[in-house]
Amino acid sequence: MSKLKQIGKLVTQNSSKILMVVMDGLGGLSQNVNGKTELETAHTPNLDKLAAEGICGLHLPVGTGLTPGSGPAHLGLFGYDPLEFQIGRGALEAVGIGFDLKKEDVAARGNFCTVDDSGKISDRRAGRIDTPTCQKLSELLNEKVKIDGVEVFVKPVREHRFLLVLRSDGLSDAVADTDPQRTGKAPLAPEAFEPKADKTSSIIADFVEQAAVILKDQDPANMLLLRGFSQLPDWPLFHELFGLNACAIAAYPMYRGVAKLVGMEAYQVDDDLDKEFALLEQHWSDYDFFFLHMKQTDSAGEDGDFDKKVSLIEDMDRMIPRAMKLKPDVVIVTGDHSTPAIMKKHSWHPVPLLLWSKLCRPDNVKEFGERACMNGSLGASFPATDIMPLALANAGRLEKFGA
Ligand code: ZN
């Protein structure tokens, strides 16, 4: 926090505009020894030009050897150290499905589970019921549970997972999980960790009791477990820290959610680059900072589809001239983490990044790729939290430190 606040004190205003383009899971690996990664394979003349004129490197989203989720990885890109700025599981679940969590709300991650005749858990995930069943059960609870003075929201997530949100005055998240994390035990009581959470704990107990009756005759999901009670974090906002009026353009709720957590305006858009860039053009005069997100590169990586990831990167490359026509002062192109197609999952590998501005001292990198970026002036593993200060400096938005 202290470094972030120090930087905040140096921030000054001008009319510059910063564009951050994030291809989710951009970093990759080659399919065979000494072969090319997805990004190196992709034909990217426009990104190569920016890399040649700008500065490059590989950033570490969270830390050496750590494989990040997309949420924390994006916080790092936005300048918030993911190890310091952590969000509770319930609140994260809310962010992930685009639920508009309010300051007073308490959220929890829920599992539908199976209990036997004696009330002991026989399956913590109720045989991983399908998502339509989860939707049906969530709607049932959402409709039928009534608690005086409390708004109760039950929203399906996926398979056996759902989100519970309680809305009322004076709630606290200092309540213990009801999930004992093992079978053969009965669900636990939602105990308050401190007296100020007594009211919340009895509301949760009431919810669980009513839910047990409503679910009693369902099969196999005849009970539920709750964990990760949490509230919206009280973080310094992006515009307070960096003086930037920021917006997010993203097709997936999770990314708009993280952007909203730090106070960005978030625009919903179809999963279509043409539409994303049209929104960018439309709002270009309204903001100073634009975060534009592409999800499909990560999905292709997770599917193990090397060629698809390559062609998606090429799709993004073709959009770059459209962005440059808007005359941004600083352009950053990167990923939030690596998702190598050969691993079919997120990985710990540092992520290629290019930063272009008129004030760059160009390095020797001539093309945008992992190995080229390794030799860039930003280094082969610099902290993602350095990206924002660098962007601000290149935008002429940071005063000198000290006299
Ligand atoms: Zn991601």
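Which of the residues spanning the stretch 379-399 are closer than 24 Å to Ser30 by Cβ and over 24 Å from the mean Cα position of the chain (by Cα)? I'd like the intermediate steps shown before the answer.
First, pick out the residues of the stretch 379-399 that are closer than 24 Å to Ser30 by Cβ: 379-382, 384.
Listed by number, the list holds a single entry, Gly379.
Which one of Ala51, Ala91 is within 21 Å of Phe291 (Cβ to Cβ), among the small types (Gly, Ala, Ser), away from the ligand (no atom under 16 Å from the Cβ) and touching a Lys or Arg at 6+ places or on another chain (Cβ under 8 Å)?
Working: Ala91 fails: touching a Lys or Arg at 6+ places or on another chain (Cβ under 8 Å).
Testing whether each residue is within 21 Å of Phe291 (Cβ to Cβ), among the small types (Gly, Ala, Ser), away from the ligand (no atom under 16 Å from the Cβ) and touching a Lys or Arg at 6+ places or on another chain (Cβ under 8 Å) leaves just Ala51.
State all residues of the stretch 18-50 that are of a type in the set (D, E, K, R) and crowded, with 22+ Cβ neighbours inside 10 Å; if no residue qualifies, say none.
Within the stretch 18-50, the subset of a type in the set (D, E, K, R) is 24, 36, 38, 40, 48-49.
Matches in the stretch 18-50: Asp24, Glu38.
Only one of these conditions is not met by Asn32: (1) over 17 Å from the mean Cα position of the chain (by Cα); (2) within 29 Å of Met264 (Cα to Cα); (3) without any contact (Cβ under 8 Å) to a residue 60 or more places away in the chain. Which number is it?
Only one criterion is unmet by Asn32, namely (2).
Results for (1) more than 16 Å from the ligand (Cβ to nearest atom); (2) buried (at least 16 other Cβ atoms within 10 Å of the Cβ), shown as yes or no for each residue.
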| site | (1), (2) |
| --- | --- |
| Thr334 | no, yes |
| Lys344 | no, no |
| Ser357 | yes, yes |
| Ala372 | yes, yes |
| Leu378 | yes, yes |
| Phe382 | yes, yes |
| Asn394 | yes, yes |
| Glu399 | yes, no |
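Search the stretch 319-371 for residues being among the hydrophobic types (A, V, I, L, M, F, W, C) and in a helix (DSSP H, G or I), and hand back the single one that is nearest to His59 (Cα to Cα). Full working, then the answer.
Of the stretch 319-371, the ones among the hydrophobic types (A, V, I, L, M, F, W, C) are 319-320, 323-324, 326, 330-333, 341-343, 348, 351, 353-356, 359-360, 365, 368.
In the following step, the residues that additionally are in a helix (DSSP H, G or I) were identified as 319-320, 323-324.
Numbers: Met319: 23, Ile320: 21, Ala323: 23, Met324: 23 Å.
So, considering only residues that are among the hydrophobic types (A, V, I, L, M, F, W, C) and in a helix (DSSP H, G or I), the one nearest to His59 (Cα to Cα) is Ile320.
Identify all residues within the stretch 65-88 that are aliphatic (A, V, I, L, M) and more than 16 Å from the ligand (Cβ to nearest atom); write none if there are none. Before the answer, list the steps.
Of all residues in the stretch 65-88, those aliphatic (A, V, I, L, M) come to 66, 73, 75, 77, 83, 87.
Leu83 - this is the single residue of the stretch 65-88 that is aliphatic (A, V, I, L, M) and more than 16 Å from the ligand (Cβ to nearest atom).
Could you say whether any residue in the stretch 147-155 is out of contact with any Ser or Thr (no Cβ under 7 Å at 6 or more places or on another chain) and either among the basic types (Lys, Arg) or at pLDDT below 95 (or both)?
no
Evaluate the stretch 297-305: report whether one residue or more is under 24 Å from Gly79 (Cα atoms), within 16 Å of the ligand (Cβ to nearest atom) and either β-branched (Val, Ile, Thr) or assigned to a loop (DSSP other than H, G, I, E, B) (or both). So that I can check it myself, show each step before the final result.
Step one: of the stretch 297-305, the residues under 24 Å from Gly79 (Cα atoms) are 297-298.
From what is left, the residues that are within 16 Å of the ligand (Cβ to nearest atom) are 297-298.
Subsequent filtering for residues that are either β-branched (Val, Ile, Thr) or assigned to a loop (DSSP other than H, G, I, E, B) (or both) retains 297.
Within the stretch 297-305 (the criterion being under 24 Å from Gly79 (Cα atoms), within 16 Å of the ligand (Cβ to nearest atom) and either β-branched (Val, Ile, Thr) or assigned to a loop (DSSP other than H, G, I, E, B) (or both)), the answer is yes, since at least one residue qualifies.
Helices (runs of 4 or more DSSP H) wholly in the stretch 167-266 with at least 1 residues that are surrounded by fewer than 20 Cβ atoms within 10 Å (Cβ to Cβ) and modelled with pLDDT of 95 or more - which ones?
198-215, 238-242
Within the stretch 71-86, can you find the residues that are hydrophobic (A, V, I, L, M, F, W, C) and surrounded by fewer than 24 Cβ atoms within 10 Å (Cβ to Cβ)?
Taking the stretch 71-86 and keeping what is hydrophobic (A, V, I, L, M, F, W, C), we get 73, 75, 77-78, 83, 85.
Result: Leu83, Phe85.
Is there any pair linking a residue in the stretch 201-217 that is within 18 Å of Asp169 (Cβ to Cβ) to one that is among the polar types (S, T, N, Q), with Cβ under 6 Å and at least six apart or on different chains, and which?
As it stands, the answer is none, since no pair meets every condition given.
Of the residues Gly71, Gly96, only one is closer than 26 Å to Met343 by Cα and touching a Leu at 6+ places or on another chain (Cβ under 8 Å); which?
Numbers: Gly96 fails: touching a Leu at 6+ places or on another chain (Cβ under 8 Å).
Only one candidate qualifies: Gly71.
Checking Val21 against (1) within 16 Å of the ligand (Cβ to nearest atom); (2) among the β-branched types (Val, Ile, Thr); (3) not assigned by TED's automatic domain parsing to the domain that holds Gln268, which test does it fail?
Status for Val21: all satisfied but (3).
Taking Glu314 and the conditions (1) out of contact with any helix residue (DSSP H, G or I) (no Cβ under 8 Å at 6 or more places or on another chain); (2) part of a loop (DSSP other than H, G, I, E, B), which numbered condition does it fall short on, given that it satisfies the others?
Against the list (1) out of contact with any helix residue (DSSP H, G or I) (no Cβ under 8 Å at 6 or more places or on another chain); (2) part of a loop (DSSP other than H, G, I, E, B), Glu314 comes up short only on (2).
The values are calculated or read from the model by the stated rules, or taken from the named source; none is laboratory data. Nothing here was measured: the structure is a model prediction, and the numbers come from that model. Neighbour counts run over all protein chains shown; Cβ positions are idealised from the backbone, glycine included.
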